[in-house]
Ligand SMILES: C[S@@+](CC[C@H](N)C(=O)[O-])C[C@H]1O[C@@H](n2cnc3c(N)ncnc32)[C@H](O)[C@@H]1O
């Protein structure tokens, strides 16, 4: 990725309500099902972006949330939103690489990672973060998986090029179990979340600011949306709720 495209990506996504498909109702219902979190619990949101989940975590649990992301601009946007909601005292932003465990908070009771683990590799993320959790600690992590083993050929070709590691729900569960986690639950992001994400992306691409973005980036985003719309819901985000064993 060249520097111009990288800047475009950050600027573009900083203006969106989230940087990946997601659903506050689903996130909240997962949070409500988590047992044993207290105001003294140590919680982190890895690859938090502008913090749609960080804000919910702070609102729901009221401990200090470590918000980890490599993009300073996203963390700045997060803290402006947190201040507006009087939640800034509950959030500690940190510009760090979620793949470098020495830079990350440890002895955590909960790691939340939505739409980001694939960036360092799902398997590496599960392996590396195991050591950052307290005994019995919880990892809530989402991963893009095939929901249908026989997707349209265009969809399959796109994902095989974009993310060859994509597997099934069963693959993700087995991997987690083999790496020292118990699978407590799993949930699939509803299709409506993908629809509203791409609606926001497509509207932003046509805005005066969006029209100034590099053609490569605009074409890439449009292609991604088109692939989703033609995918017959054959892939989606799986949330795994894992406990360190
Ligand atoms: C697809 S976005 C998801 C953001 C957010 N969790 C959400 O669901 O809206 C991925 C995020 O990971 C961040 N990121 C990418 N590589 C990273 C790394 N190595 N360490 C920490 N954050 C990273 C990006 O800046 C971006 O905010």
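What follows draws every value from the coordinates through simple rules; no lab data is involved. All values reported here derive from a predicted model rather than from experimental measurement. For neighbour counting, all protein chains shown are included, and Cβ atoms are generated from backbone atoms with ideal geometry for every residue, glycine included.
A few notes on this one:
- Normalised contact order of the chain, rounded percent, pairs of Cα under 8 Å and 6 or more residues apart: 22
- At 0.692 mPa s and 37 °C, Stokes diffusion of region 3-244 via Kirkwood alpha-carbon radius, µm² per second: 178
- Estimated [θ] at 222 nm from DSSP helical runs (n ≥ 4, -39500 (n - 2.57)) normalised by residues in the chain, nearest 500: -13000 deg cm²/dmol
- Cα centroid separation - region 119-172 against region 44-67, whole Å: 21
- Per-peptide average of other Cβ atoms within 10 Å, ordering 235-243, 180-188 highest first: 235-243, 180-188
- Of all DSSP beta bridges confined to region 3-244, the antiparallel ones make up roughly 45%.
- Entry for region 163-227 at q = 0.20 Å⁻¹: log10 I(q)/I(0) = -0.86, Debye formula applied to identical alpha-carbon scatterers, no solvent contribution.
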